[in-house]
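Every number in this text was worked out from the coordinates using simple rules, so none of it is lab data. What you see is a predicted model; the values in this text were computed from it and never measured. Neighbour counts are summed over all protein chains in view; Cβ atoms, including those assigned to glycine, are modelled from backbone coordinates with ideal geometry.
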Amino acid sequence: MNRRFILFLIGMVGTFTLNAQTNIINTGNDGKSWNIVTRSAVYQLNINKQGNVQMVFFGNKNQIETFGNGLGAEVPVRGGQVSAIPIIEVVFPDGVRDIELEYKTSEITSLDGYPALKIIQNDKFYSLEVSSFIRVLPEFDMIEKWIEVVNTGKKGSIKIENLLSGSVFLPKDVYELTHYSGVWGHEFTPQTTKLTQGTKTLQVKDFKSYGSSSFIIRPEGENEKYTGKVWFGSLSYSGNWRLDFEKFFNGNVQITGGINFWDQEVNLKPQQKFSSPPLLFGYTEQGSEGVTMRLASYVKEKLLPESHRNQLRPVLYNSWYATTFDVNEEHQLALAKVAKELGVEMFVIDDGWFRGRINDKAGLGDWTVDKNKFPNGLKPMIEKINAMGLDFGIWIEPEMVNPNSDLYRSHPDWAFHFSNRQRNGGRGGQLMLNLAREDVYQYLYNCFHNLLKENNIKFIKWDMNKALTDPGFISAPADEQRAVRIKYVENLYRLVETLRKEFPDVWFENCSSGGGRIDLAMLSRFDFNWVSDNTDPVDRIFIQDSYLTLFPANTMISWITQEDWHRQDPSLEFKFDVSMAGVLGVGYDITKWNGEQKKIATEKIAKYKAIRETVQKGDVYRIVSPYEENRSVLQYVDKNKRKAVIFAYNLAEYPANQVKETQQTPLVKLRGLLPEVKYNIEGIRETFSGRYLMEIGINLPLRGAFKSEIYVIQAVG
Ligand code: DGJ
């Protein structure tokens with residue numbers, strides 16, 4: 001044992017005879033150090049001789065010998081020698097822009113049932129109190145960080161120019177970052193890049209992004225799926241966000257993330273406080289599979305709105321691809337009738353149902369039914385749909401307004417704009433309402449409260465189709481105008497939360513021209529996501545593979561439609577098999593279907609219902625990613641590990657990686673089964689032990705390009 005390590009152990013005995021606390025958050029006897037322990041990781045902090053709170057280590061919990069000097073400030077600020085990315089930048093009333101923090105106190109507390117460490121630091125001179133929180137989610141093996149700042153003074157505002165959610169330093173190594181970017185129709189494209197000296201920034205200035213604020217960091221070359229170190233995280237915020245990864249010359253890496261304060265400031269008046277949204281962090285040595293398991297379980301078991309968290313998601317019909325804006329009572333009822341025969345449970349009318357909405361150039365903002373299309377109103381039609389045995393849902397886009405609408409004609413000032421500047425319209429010229437305004441909030445609340453109160457609506461699809469432009473807030477006092485984005489997002493959350501509270505049995509789908517606004521904050525308020533407007537099954541296999549890396553399958557709505565982006569004319573069976581890997585929906589004009597198409601659909605929907613519990617509630621293993629081979633294999637395993645479902649998709653006649661001699665793809669080694677238990681695989685005659693399936697693997701009898709198969713695996717006896 002070397003001398004340093006012996007000294008360290010002696011030090012540990014001195015400082016770390018633990019105060020009996022939570023076992024999860026432990027304070028050293030000197031009250032100046034903390035060990036936060038999760039299943040796999042330890043997060044260590046201490047107060048150094050200068051009275052500064054330092055982050056010491058975040059990683060494998062057995063590596064306690066790394067306890068030593070801090071890697072950097074727990075809350076790096078703009079002030080003094082700035083040697084890390086500051087997460088707080090303020091200007092005090094007298095113009096001073098430097099912060100000098102010193103430790104004041106700490107407490108171990110419980111927030112929403114989870115243990116949390118709160119450390120309070122004060123500026124040495126000015127009235128600024130900074131609380132940094134670390135909340136532990138023990139069963140999910142992750143932590144959350146956020147910051148709260150208070151202006152404790154009696155006069156003068158503190159201008160916040162930047163306030164991120166947290167910072168974490170990783171010890172010196174060569175790292176690779178994987179993040180998910182994208183564009184309309186190609187959401188969540190994984191990108192892997194080496195972190196070299198300097199800063200890699202991912203930022204969104206809009207409220208929309210087709211990527212994700214989730215990230216994965218691994219030591220270079222470690223890309224095993226089931227083993228190896230991984231640090232990962234995700235931000236709970238649905239507006240303009242940013243993540244920075246700074247690699248220092250000494251090899252350490254700092255990760256920061258939070259609201260993107262670009263073109264933004266918050267003026268904190270005396271006694272006011274401001275909190276950043278939580279930034280989730282995790283560490284596992286179970287490779288990328290460990291990341292998926294933690295994130296998906298957290299969303300499924302804790303984050304999703306409680307009212308529907310454990311309910312099976314219904315089979316959906318959605319009218320968009322069948323009818324676009326051309327909706328009317330007669331045709332919708334005809335669609336509903338066939339949908340019911342096929343086995344659909346929820347019939348959703350998409351865009352086009354409200355006043356003046358004949359195309360995308362009119363109507364947004366006027367949220368009452370269009371009497372030209374539905375002369376009897378919505379109610380009698382919903383009653384007929386309910387009488388067929390279907391629930392009813394409807395599309396809305398609350399945050400938008402068309403200049404051609406009664407709302408805009410009476411309140412042109414409610415749309416985002418700057419004086420003396422043009423208003424930059426989006427799709428069909430639509431503009432974004434300034435939801436930061438209380439009158440806009442109240443108008444929208446009344447519209448949708450009435451819509452839900454007057455009609456038996458059980459499902460809302462909440463869309464958002466425009467990029468943010470012209471975010472002026474000229475009706476607000478000058479010192480509040482640049483907080484407009486923050487206020488907007490607060491009111492967005494408030495609106496969804498209020499409606500959900502009043503109508504707890506309504507399902508809410510989150511959509512933004514496909515997957516333009518998918519994050520943990522939306523998932524705590526919505527039951528599921530419309531992941532992409534790209535319903536081509538081949539593209540979907542890729543998008544779904546990424547989505548399922550980060551989010552659970554019961555939040556992934558996937559319809560089959562007539563869309564064929566690559567002119568491959570994929571079969572209906574193939575399309576169903578792709579969509580059945582999430583929450584199944586149908587989007588064809590099914591009144592035009594022949595008997596054969598209806599037969600296939602009826603059988604597939606029945607099959608989906610038989611495996612739905614496993615698909616929606618089970619653990620998802622991405623056995624073969626389409627990014628690795630020209631095929632994809634997904635495995636879903638029940639919690640009790642006695643039932644599993646495999647989705648296999650071939651994307652080429654001879655998928656890459658095939659065994660040359662036999663022209664067969666390698667055996668598929670399954671995951672998550674019980675080694676000693678025997679399993680039957682539907683359609684394959686032999687019985688296999690779980691151990692065999694996991695260690696030797698099976699040859700899936702699937703041949704040919706754009707072919708798919710679903711295998712159900714069941715424990716015997
Ligand atoms: C964009 C969505 O992504 C589509 O699914 C559809 O709802 C249209 N908007 C309707 O305008």
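Taking a Cβ cut-off of under 10 Å around residue 715, the surrounding Lys, Arg, Asp and Glu residues balance to a net charge of +3, with basic ones at +1 and acidic ones at -1.
Across the chain, the mean sequence separation of Cα contacts (distance under 8 Å, 6 or more residues apart), normalised by length, yields a relative contact order of 9 percent. Residue order for 316, 674, 444, fewest other beta carbons within 10 angstrom first, comes to 674, 444, 316. Each Lys or Arg adds one and each Asp or Glu takes one away; over the other residues whose Cβ falls under 13 Å from the Cβ of residue 330, this sums to +1. Applying D = kT/(6 pi eta Rh) to region 430-510, where Rh is the Kirkwood radius over alpha-carbon pairs, T corresponds to 10 °C and eta to 1.306 mPa s, the Stokes-Einstein value obtained is 114 µm²/s.
For region 379-486, the Kirkwood hydrodynamic radius comes to 15.6 Å, computed from all pairs of different C-alpha atoms. Which FRET efficiency value, to the nearest 0.05, is calculated for residue 420 and residue 222 with the Förster distance at 51 angstrom and r the Cβ-Cβ distance? Working from the Cβ atoms, E equals 0.40.
Annotation: the residues 518, 710, sorted from fewest to most other C-beta atoms within 10 Å of their own C-beta, follow the order 710, 518. Spin-label pair residue 201-residue 98: with each label point 7 Å from Cα along the Cα-Cβ axis, the two points sit 2.4 nm from one another. Residues 447, 511, arranged from fewest to most other Cβ atoms within 10 angstrom of their Cβ, appear as 447, 511. Projecting the Cα atoms of 359, 316, 387 onto the dipole axis of region 281-389, where Lys and Arg carry +1 and Asp and Glu carry -1 at the beta carbon, places 387 farthest toward the positive end. Between the listed residues 692, 554, 149, the Cα displaced farthest toward the positive end of the dipole of the chain, a dipole computed from Cβ unit charges relative to the Cα centre, is found at 692.
For region 610-717, the dipole from Cβ point charges (+1 on Lys and Arg, -1 on Asp and Glu) about the Cα centre works out to 260 debye, to the nearest 20.
The Cβ shell under 14 Å around residue 493 holds other residues with a net charge of +3, Lys and Arg each +1, Asp and Glu each -1.
Alpha-carbon geometry of region 42-187: the Rg and the Dmax are 17.2, 54 Å, given in that order. Peptide packing: for 318-325, 383-390, 656-663, the average count of neighbouring Cβ atoms within 10 Å per residue gives the ranking 318-325, 383-390, 656-663, highest mean first. Working from the Cα coordinates of region 584-717, the gyration tensor eigenvalues give, after taking √(5λ), semi-axes of 26, 21, 13 Å in decreasing order. Taking every alpha-carbon pair within region 477-577, the share separated by more than 21 Å comes to 48 percent. The magnitude of the dipole of region 78-134, with charges of +1 and -1 set on the Cβ of Lys/Arg and Asp/Glu and taken from the Cα centre, is near 80 debye. At q = 0.08, 0.10 Å⁻¹ the log10 of I(q)/I(0) for the chain amounts to -0.69, -1.04, computed by Debye summation with a single uniform scatterer per C-alpha, solvent ignored. Extent along the principal axes, Cα only, for region 309-431: 56, 37, 21 Å, with the longest axis given first. Ellipsoid semi-axes for region 123-173, based on the Cα gyration tensor and the rule √(5λ), read 29, 14, 9 Å when sorted largest first.
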